[in-house]
Amino acid sequence: MNNKSIQPPKWANRLLEWYCKPSLLEDLQGDLYEYFERDLKEKGKRRARINYTVNVLKFFKPYTIKKLEILDQLTQFIMFKNYFKTSLRSIARNKLFSAINVFGLAVSMSVCLLMISIYTEISDYDRFHQDVNNLYRINNFQQYMESEPNRFASTSLYLGKRMKEDVPGIGAITLLRRNAGGDATVGENTFPISAIYADEGFFDVLTFSLIRGNKSTALLEPNSIVITDETAEKLFKGLDPLDQVLKLGKEDFKVTGVVEKPPFNSHMKFQALVSMATHEKRMNEEYEDSNWLNFSSMWMYYIYFRPEQGAAISDIQARLDIICDEENEKMEHTTITTTIQPITNIMTGPSNISNQIGSSMGREVLLILAGLSFIVILSAAFNYTNLSIARSLRRSKEVGIRKVVGAKKGQVFNQFIVEACIISIGSLIISYFLFFLLKPLFLTVNPNIQEIVKLETNASQLVYFLLFALIVGLVAGFLPAMFLSKLKAITVLKTDSNTKLFSRITLRKSLLVVQFTLSLMFIIAASIANKQFKYAMNYDLGFTTENVLNVQLEGNDAADIEAIFKRIPEVQEISRTSHVLSVGSTYGTQMFSEDKLDSGTVYYSSIDHKYIPMMEHRLLAGSNFPEKSAVEKEESIILNETALKKYNLGTPDEAIGKIVEFDDQDLMIIGVVEDFNNQTILSKIEPFAFRHNLSDTYVLSLKLSSNDIIVTRDKIKAEWDAFDSVHEFNGSFYKDNIERAYQEFSTLTTIIGFLAFLTICIASLGLLGMGVYTAETRLKEISIRKVLGATEGSLVKLLSKSFMLLLLLAAAIALPITYFLFDAVILVNQAYRAPIGVLELSVGVVIIFAIGFVTIGSQTWKAAKANPAQTLRSE
């Protein structure tokens, strides 16, 4: 046998490679191989293999054993304990700087915790449905000629029928319709309830929990109603509601099911579901919803569906596109398209989709809140970075000593990262309590917010909070850790002032400029938003709103309510209208002139003959509506100037007597009113019409004459309560309606103002820390200058000058950027707005300079007042 083919035991070789240090392995293994070859020649194969194994075991000694991974992990743990202890000592030793960092981070983190809570709650919407990722809604885009398309969450009854018949791949589909609610009565109990029409496929698509009844048949027959458990308790008070009869409006309905009340995180809210068959029974031949271009239909219906298992959404969308193309060919000038939207995207999707069936936060709002929160936390992180680098002169000796005794760059880096994370977690604890103080304030900023979020904390959010704190610590501590870990032991006693970021601008100064630039931008933004809100509140609407109280009829007969209000002496005049104008609520329909090419949407309001004179609208030509009863047919119309121009109807005098096709009926123009903004100042003046259709009026407008307008409102409310004990009095002054319409400006002012306050506080704390640090490090210089004759005022000027220049640079950056953002981005689509003046831009600069001078001046003045003899003696 060839001895060269005989090898040492493999397991012994593997043992040697496992325990031996890499630096010794090659030499040691080579020597053992030589011994093995010698023994093989002299003693034979068996003895050579035994000796090789014995030798491998003999060399298992401390100097040959490589460092085991478990020992490395133990070392790492010991090192982390060391980092932790050292960090705590450093934080305790630098109380002022640590307090500034902790408080600054805590304040900003509380805002971010608020944002995290909002986002987690919004993201959880509608996820209680089964197989929620396979659930969709149909949205509708309408475009007239080349105009901007209007986006709707609703669609037509006709499309719902076509989808059921002609679109393959639909597993389950349901068609809904709004406005099924009214007064529900059982015996002596009457309650107003909100309801929607739903067809028999409702529970196959939307998996709300049906407590009683059969989900397949509950909404199948006409006059069937499914009520929530909460509604059942109100109406039937502990009795079994199933198969009971209730009256809704003037009709009897059989209770065919009880559904659990929709959870808070459902975008769709209702107290009852009325069978779609009920609505279909009411429809007659004259009014048919199943029309591709039916504006009433488009505003009222909603389609939700689930595709079949394995069906592609793209294939369903392609089939919908074909249907749209087929129907659009039958129309002139108007194009309708559809899109498919996941139900999980409704709350976080685009905010410009009109006619939502429930509340929607909108992607843009979330992005704005996230952006503002990011800016605030960024300011606090800059604070930490700035103060940490400023203290690097003192910490450099510590770094140098650690490196001299063998610390590596990575270990120094880890030390300062751990310190930053400890401060961040400490800030998280404080910010958590601040979050609970901030939460109720945020919820009351805008009444609509409380309908969307509760801001309740759960276990998953606590995990997000902790992860967020660690990320903040890593981000805030990265630059200081990197900066300090790069210091060389030989140069640790040198100042860090030569560390440049851009040319001659130091990193610390750059961060300070960014902080105050952000603060200044917030102040200016709050000032501009406040001016826009005041402008909107004082905008000349083109009609009177003084002492006008708008009262919703809540389904009552207008004549009955008028009769009881006329008994109140302070009520001078009463008129009827379909809705309150100039606050954002709009009714619209199609109008055609004699030239059928002149067509499009015209907004309108249905009124009685008393409305125009009472509200002091100016008639440019023609006359007001004559007095008539509610049952008389609509025959005439009053247009505004813009409508005449769009439809080429000539001058106001020339337009009188002409016939237009309005909402599928021919009406005569009897008057022309001066243009006024019937929507809000966000929109330009559009074609508008007053209709004389008393059956379409739901609001009484009361002109009051009183020395105490609030007491008068209470008298009106008392009369209402005596007449209608079921419906809550819903009356508000025109001024309050307008204020609610521009709530977004008020909310924007409040939120930005609050964030401006936070960023200023954080930046001022950082400036205070920098001032204290500067005064301490230049104390000897100040004392020498004072001995040589420098006055206290000149010393304050000397030490404050560089900081004031930084604030001036921040102002030079913030002013043009903020002006551009509002002028060219935020307010660009607002039709009527207040100009951005010098006052709004300068107020922030004055505030920033005042805060900066007081903060820095106080510290430099304190240093300048110190006794130089005592300072130099201690030196």
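The alpha carbon radius of gyration of segment 3-58, expressed as a multiple of 2.2 N^0.38 Å, is 1.07. Summing +1 for each Lys or Arg and -1 for each Asp or Glu, what net charge is found among the other residues whose Cβ lies under 14 Å from the Cβ of Asp183? Once all neighbours under 14 Å are counted, the net charge is -4.
A Förster distance of 41 Å, applied to the separation of the beta-carbon atoms of Lys164 and Leu821, puts the FRET efficiency at 0.25.
Counting each DSSP H run of 4 or more residues in the chain as -39500 (n - 2.57), what helix-only mean residue ellipticity at 222 nm follows after dividing by all residues, to the nearest 500 deg cm²/dmol? Could the numbers behind the result be given before it?
Numbers: 27 runs with 438 residues, N = 875.
That comes out to -16500 deg cm²/dmol.
Against the chain, whose longest principal axis is taken from its Cα atoms, helix 10-19 shows a tilt of about 80°. Once the Cα atoms are used to define both axes, helix 157-166 deviates from the longest principal axis of the chain by about 60 degrees.
Please give the FRET efficiency for Glu188 paired with Phe264, using the beta carbon to beta carbon distance and R0 = 41 Å, rounded to the nearest 0.05. Could the numbers behind the result be given before it?
Working: r = 31 Å, r/R0 = 0.76.
Computed FRET efficiency for Glu188 and Phe264: 0.85.
In this simple spin-label approximation, Asp560 and Ile659 carry label points 7 Å from Cα along the Cα→Cβ vector, and these lie 3.9 nm apart. Note on segment 134-345: dipole from Cβ charges, positive end direction compared against Asn179, Thr256, Asn345; the farthest Cα belongs to Thr256.
The ranking of Lys330, Lys566 from fewest to most other beta carbons within 10 Å of each one's beta carbon is Lys330, Lys566.
For Leu470 and Thr64, the FRET efficiency from 1/(1 + (r/R0)^6), where r spans their Cβ atoms and R0 equals 25 Å, is about 0.05. Averaged over residues, the count of other Cβ atoms within 10 Å places the peptides 151-157, 580-586 in the sequence 151-157, 580-586, highest first.
Electrostatic bookkeeping for Asp714 treats Lys and Arg as +1 and Asp and Glu as -1; over the other residues with beta carbon under 13 Å from its beta carbon, the sum is -1. Selection among Leu639, Ile528, Leu239 by position relative to the dipole of the chain gives Ile528 as farthest towards the positive end (Cβ unit charges, Cα centre).
Thinking of the chain as a set of Cα atoms, what percent of all their pairs are more than 50 Å apart?
Working: 163014 of 382375 pairs.
Looking at the chain, the distances longer than 50 Å represent 43 percent of pairs.
The charge dipole of the chain, taken about the Cα centre with unit charges on the Cβ atoms of Lys, Arg (+1) and Asp, Glu (-1), comes to about 9740 debye, rounded to the nearest 20. Of the peptides 418-425, 127-134, the ranking by mean beta-carbon count within 10 Å, highest at the top, reads 418-425, 127-134.
Our estimate of slack between Ala92 and Arg14, defined as 0.36 nm per intervening residue step minus the Cα-Cα distance, is 22.9 nm. What is the local net charge at Asn640, summed over the other residues whose Cβ is closer than 9 Å to its Cβ (Lys, Arg +1; Asp, Glu -1)? Local net charge: -4. Averaging the sequence gap over all C-alpha pairs within less than 8 Å and six or more residues apart, then dividing by the number of residues, gives the chain a relative contact order of 13 percent. Translational diffusion coefficient of segment 548-735 (Stokes-Einstein, Kirkwood radius from Cα pairs, 10 °C, 1.306 mPa s): 91 µm²/s.
Checking the Cα-Cα distances for Lys269/Lys715; Lys95/Lys780; Lys330/Lys645; Lys684/Lys717; Lys610/Lys735 against a 25 Å cut-off, the pairs over it are Lys269/Lys715; Lys330/Lys645; Lys684/Lys717.
Along the charge dipole of the chain, Cβ charges K/R +1 and D/E -1, which of Met163, Ala689, Thr207 sits furthest on the positive end? Of the options given, the answer is Thr207. The mean sequence separation of alpha-carbon pairs under 8 Å and at least six residues apart, normalised by the residue count of segment 134-345, gives a relative contact order of 35 percent. Label positions at Ala172 and Val711, each projected 7 Å from the Cα along the C-beta direction, are separated by 6.1 nm.
Between segment 180-209 and segment 721-742, the C-alpha centres lie 25 angstrom from each other.
Between Tyr535 and Phe433, residue separation times 0.36 nm minus the direct Cα-Cα distance comes to 33.0 nm. Separation of segment 326-345 and segment 1-65, taken as the distance between their Cα centroids, equals 81 angstrom.
Got the relative contact order for segment 548-735 handy, in percent, Cα pairs under 8 Å and 6 or more residues apart? Relative contact order of segment 548-735: 36 percent. Each of the peptides 518-529, 724-735 was scored by the mean count of other Cβ atoms within 10 Å over its residues; in descending order, highest first, they stand as 518-529, 724-735.
Cα centroids of segment 676-706 and segment 106-161: 30 Å apart.
Thr207 to Lys862: extension gain in nm, 0.36 nm per residue of separation minus the Cα-Cα distance? Don't skip to the end; give the middle numbers.
Numbers: separation 655, 0.36 × 655 = 235.80 nm, distance 6.95 nm.
That works out to 228.9 nm of additional length.
Helix 392-404 axis versus longest C-alpha principal axis of the chain: approximately 40°, rounded to the nearest ten.
Size descriptors for segment 134-345: radius of gyration and Dmax over Cα atoms are 18.2, 58 Å.
At 7 Å along the Cα-to-beta-carbon direction for both Asn730 and Lys43, put a label point, then send me their distance in nm to one decimal. Inter-label distance under the simple model: 10.4 nm. With a cut-off of 18 Å on the backbone N, the residues of segment 251-272 near the modelled label site 7 Å out from Asn214 along Cα-Cβ are 254-259.
Readers should treat all values here as calculations from the given coordinates under stated rules, not as data from a laboratory. The structure displayed is predicted, hence computed values, not measured ones. Reconstructed Cβ throughout: ideal geometry from the backbone, glycine too, with neighbour counts over all protein chains shown.
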